[in-house]
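What follows is a short report on a single structure.
The values are calculated or read from the model by the stated rules, or taken from the named source; none is laboratory data. All of these numbers come straight from a predicted model, not from anything done at the bench. Using ideal geometry, Cβ is built from the backbone for each residue, glycine included, and neighbour counts are taken over all protein chains shown. Just the protein is used for accessible areas: all its heavy atoms, side chains included, with ligands, DNA and RNA removed. Shrake-Rupley method; radii C 1.70, N 1.55, O 1.52, S 1.80 Å.
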Amino acid sequence: MSSASEKATETIKIALVGQPNVGKSALINSVGNARLKVGNFSGVTVKKEEVRFSREGYDFEITDLPGSYSLTDYTIEERVTKQYLDESDYDLILNVVDSTNIERNLYLTTELLSLNKKIVVALNMTDEAVKEGVQIDAQQLGKILGTPCVKTSAVEKTGIDDVIQAIINTYNRRENRFHIQFSEVFEEEITHIVSFLEEKKIKCKISLKALAIKLLREDRETYLRFHEEPIWTELQPIVNKAYQHLYLHYDTKDLDDIFNDEKSALAKGAVAETVKFNKEITQSFTDKIDALLMHQFVGLPIFLFMMWGLFQLTFEVGSIPMDWIDAFFALLIDGTKNFLGETELASVIADGAIAGVGAVVLFLPNIIILFLGIALLETTGYMSRVAFLLDGFFHKFGLHGKSFIPLVSGFGCSVPAYMAARTLKNDRDRLLTLFIIGFMSCGARLPIYVLFVGALFSEEQAGNILFLIYISGALIGVIAAKVLKMTVFKGDDEPFVMEMPKYRLPSFKLIWHTVSAQAMMYLRKAGTYILMASVLIWFASNYPKQVEMDQEYQAKVEQAQTEEAINTLNNELALYKLENSYLGIIGHASEPFFSPLGYDWRMAIALETGLAAKEVVVATLGVLYGLGEEHDEQSRGLIEKIRANISFPAGISFIVFVMIYLPCLAASMVFMREAGGPKYLGYLFVFTTATAWSLSFIAFNLTQMLT
Amino acid sequence: MTLNELQKGQSATVTAVDANRELKNRFSSFGLVKGVLIYTECHSLAKKTMEIRINKTRIALRASEAEKIEVVASE
Ligand SMILES: Nc1nc2c(ncn2[C@@H]2O[C@H](COP(=O)(O)OP(=O)(O)OP(=O)(O)O)[C@@H](O)[C@H]2O)c(=O)[nH]1
Ligand SMILES: [Mg+2]
């Protein structure tokens with residue numbers, strides 16, 4: 001190939017592999033300036049994610065894979081990793097290892113080494129290893145494993161250049177040595193098979209030794225490949241004889257046992273030669289905290305107290321900037337109208353766009369506090385503890401303890417929560433979890449709650465009520481799980497085995513990245529999707545025009561005597577126009593369905609538009625209740641308008657409906673994909689709507705009786 | 001005795017893992033294999049779930065899984 005220009009930069013394709021929670025994503029964030037999600041528990045990354053960057057004259061294309069304890073297909077995310085390694089095209093593997101827990105990590109490394117690919121090992125968490133007195137001779141370890149080992153710290157950003165250099169060197173290394181040494185017995189059997197394959201001049205993409213190991217491991221693909229060929233008649237006895245020898249030597253017929261033994265021995269041997277532990281294992285920081293947080297009696301109450309505190313904070317602190325934002329948008333609406341006059345344009349901008357977007361932006365402070373709480377839960381290591389504490393409770397309701405993790409993500413947003421359910425091994429458990437994630441009120445529902453709670457309850461109670469809403473939502477979800485488990489998802493319990501990470505103090509930067517990314521997403525949604533929806537709702541609520549009515553009322557107004565009478569007439573007209581707009585017509589059509597729950601047509605419409613996105617509910621209410629009240633100077637803020645227009649029982653019933661009904665369109669699509677088809681979405685729709693309706697009906701009638 | 005019978009703070013050596021293939025592989029990738037030393041860190045209410053430590057790895061498991069692990073308690 002001849003090219004006139006300079007030679008094109010080469011692309012190095014890298015598969016990022018390692019056990020869960022060793023800092024793979026964090027390392028790539030440091031190396032490639034990416035913003036992958038990082039958290040302190042196993043199973044943060046659940047689908048493969050690509051990061052590209054250029055350095056030292058090369059293009060790097062790194063695929064961040066879900067963490068795997070070993071190359072099995074225990075859970076969906078582990079299957080993703082195994083499949084990628086087996087089937088995709090990549091130049092080398094970057095194996096990230098937790099230096100503080102190296103023996104267990106090398107277990108996976110030995111498996112990777114038997115794949116016979118180019119590998120670079122990153123000994124990550126060097127900073128923690130130093131603190132814990134773990135001293136690793138990286139050079140020596142590299143010699144034993146036959147592949148470069150580099151010390152790194154993703155948090156302190158050390159060793160990053162070394163990793164890049166090691167990757168480039170390894171990439172350019174011509175041949176690929178196979179370096180790991182199994183036990184003597186094992187090597188002997190391998191050698192037998194290899195020499196046979198050599199004699200027969202077998203050609204293979206991977207080395208013959210790797211092929212021999214695959215044969216011994218009873219690897220399906222390899223068997224299928226050889227099964228068809230004439231050589232099999234000769235090969236089979238040789239492999240069989242090898243098995244007999246191994247069975248005899250290891251005193252077991254379980255091949256997995258034999259391989260696990262080999263891997264453990266390799267890892268142990270390598271650690272013995274290269275790692276020094278300078279400190280006695282004493283009671284660690286983590287142990288001390290756990291003595292309290294994981295205490296069998298006080299552990300759960302502490303968790304509940306912290307949740308309660310979070311919701312208090314959401315309300316108390318959140319409401320301070322809320323007043324400013326509210327005032328700001330009210331000013332903006334007035335300003336726009338003053339500037340443009342009483343025109344259609346002014347109305348679509350002020351009453352449509354600004355009112356709708358403003359209603360959503362209003363709740364940004366609350367959202368930030370909620371996301372901050374979730375980020376802390378995710379990054380400190382507390383998440384897995386709560387999963388542990390709740391496992392007994394969850395188990396009673398047919399849920400797996402690990403379900404807790406997707407369910408907590410569900411409080412932020414249902415979309416990643418549906419994805420996070422992939423960490424559940426069993427399809428039934430996973431489906432069950434998928435079905436109840438929607439019961440965990442997502443961040444976008446928070447504005448609706450804050451609005452209604454603020455309107456219906458006193459300030460002192462608001463935080464408690466908010467806490468109650470979330471808790472009862474979760475409880476309803478758990479009960480729903482029990483019902484589903486008893487009827488649809490019958491079956492045995494899956495084992496619950498989960499690693500507990502050590503506690504880590506998240507850096508300010510990590511928290512900032514996590515929270516600001518979510519806040520930006522919320523704002524971006526407000527500026528695009530919600531903006532469009534608001535304008536749409538404005539049009540649907542202002543058209544068709546009622547010219548005749550306008551004239552009729554115009555005449556009446558001219559005849560009216562008092563200021564008061566004029567106001568009444570104007571309000572009457574506005575209401576008439578609204579009720580006969582497109583939106584009014586749709587709202588009235590669906591009123592029979594909603595009126596037993598106490599909703600007027602406006603609330604009905606708000607719920608319906610909420611199917612697109614939950615933020616739209618607030619935007620719709622903002623537009624609808626803004627319009628009819630144009631002449632009422634006193635009730636400015638949205639909260640006051642709700643208070644003036646919606647009765648207490650109807651409000652409560654509305655909250656209950658919002659807690660339970662179908663998540664937004666985007667989430668529903670993800671649900672459909674993760675659950676495995678449109679029919680599941682159909683089930684979810686029927687299930688959630690029926691539950692929402694019945695419970696709202698009960699709530700409405702109960703509150704009506706009690707008040 | 002089996003792992004779930006251990007008290008909080010006790011340590012023990014694993015003598016056998018009697019689980020199906022999948023679970024056994026999972027255990028062994030956590031380092032839970034014959035011959036290792038285990039520390040019992042804590043129990044949840046009614047001993048339904050327990051946390052153990054092997055070297056530096058902390059693992060949560062249910063009593064129903066812990067039953068499958070034979071141990072000999074150390075002094
Ligand atoms: N002290 C220290 N902490 C680190 C380092 N690298 C990562 N961490 C922390 O370790 C935790 C796990 O990091 P992740 O990048 O999410 O780990 P992962 O390997 O991608 O995990 P999965 O996606 O679940 O497989 C986070 O709390 C990080 O802040 C490091 O070098 N030093
Ligand atoms: Mg990750």
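Quick one: how many residues across the range A:487-508 are within 14 Å of another protein chain (Cβ to nearest Cβ), away from ligand 1 (no atom under 16 Å from the Cβ) and open to solvent by less than 30 Å² (accessible area, probe 1.4 Å)? First the steps, then the outcome.
To start, the set of residues in the range A:487-508 that are within 14 Å of another protein chain (Cβ to nearest Cβ) comprises A:492-504.
Restricting the remaining residues to those that are away from ligand 1 (no atom under 16 Å from the Cβ) gives A:492-496.
From the residues that got through so far, the ones that are open to solvent by less than 30 Å² (accessible area, probe 1.4 Å) too are A:496.
Looking only at that region, the number is 1.
Given the conditions (1) open to solvent by 50 Å² or more (accessible area, probe 1.4 Å); (2) at pLDDT 90 or above, report the number of the one that A:Thr691 does not fulfil.
All conditions pass for A:Thr691, except number (1).
For a quick check of your reading of the model, give me the residue pairs whose first member lies in the range A:210-225 and is acidic (Asp, Glu), whose second is open to solvent by 90 Å² or more (accessible area, probe 1.4 Å), with beta-carbon atoms closer than 8 Å and at least 6 apart or on different chains.
Filtered contacts from the range A:210-225: no entries.
Confirm whether A:Phe388 is hydrophobic (A, V, I, L, M, F, W, C) and out of contact with any Asp or Glu (no Cβ under 8 Å at 6 or more places or on another chain).
Considered against the rule, which asks whether it is hydrophobic (A, V, I, L, M, F, W, C) and out of contact with any Asp or Glu (no Cβ under 8 Å at 6 or more places or on another chain), A:Phe388 comes out as no.
Residue by residue through the range A:15-52, note down the ones that are more than 10 Å from ligand 2 (Cβ to nearest atom) and either open to solvent by 30 Å² or more (accessible area, probe 1.4 Å) or outside the structural domain of A:Leu106 (by TED's automatic domain parsing) (or both).
A:Asn33, A:Arg35, A:Lys47, A:Lys48, A:Glu50, A:Arg52, listed by residue number.
Going through the range A:460-490 one residue at a time, which ones are farther than 17 Å from A:His400 by Cα and touching a residue at least 60 places away in the same chain (Cβ under 8 Å)?
Across the range A:460-490, the qualifying residues are A:Ala462, A:Gly463, A:Asn464, A:Leu466, A:Phe467, A:Ile469, A:Tyr470, A:Ile471, A:Ser472, A:Gly473.
What single numbered condition from (1) open to solvent by 60 Å² or more (accessible area, probe 1.4 Å); (2) more than 13 Å from ligand 1 (Cβ to nearest atom) fails to hold for A:Glu61?
(1)
Please identify the pairs in which a residue from the range A:535-547 that is over 17 Å from A:Ala355 (Cβ atoms) has its Cβ atom under 9 Å from the Cβ atom of a residue that is at pLDDT below 85, counting only partners at least 6 apart or on another chain.
From the range A:535-547, the pairs are A:Lys545/A:Lys577; A:Gln546/A:Leu573; A:Gln546/A:Tyr576; A:Gln546/A:Lys577.
Taking the condition of being touching a residue at least 12 places away in the same chain (Cβ under 8 Å) and either open to solvent by less than 40 Å² (accessible area, probe 1.4 Å) or more than 21 Å from A:Ala540 (Cα to Cα) (or both), how many residues in the range A:335-357 meet it?
Of the residues in that region, 11 qualify.
Looking at (1) more than 9 Å from chain A (Cβ to nearest Cβ); (2) within 24 Å of A:Phe285 (Cα to Cα), which one does B:Glu70 not meet, given that it meets all the others?
(2)
Starting from residues that are more than 9 Å from chain B (Cβ to nearest Cβ) and surrounded by 21 or more Cβ atoms within 10 Å (Cβ to Cβ), keep the ones in the range A:395-406 and report whichever is nearest to the chain's Cα centre (by Cα).
Residue satisfying both the conditions and the ranking: A:Pro406.
Looking for something within 14 Å of chain B (Cβ to nearest Cβ) and not hydroxyl-bearing (Ser, Thr, Tyr) - is there at least one such residue anywhere in the range A:509-517?
For the range A:509-517, residues within 14 Å of chain B (Cβ to nearest Cβ) and not hydroxyl-bearing (Ser, Thr, Tyr): absent.
Please work out which residue is nearest to ligand 1 (Cβ to nearest atom), limiting yourself to the range A:72-101 and to residues that are assigned to a loop (DSSP other than H, G, I, E, B) and closer than 16 Å to A:Ser42 by Cβ.
The extreme case among them is A:Thr75.
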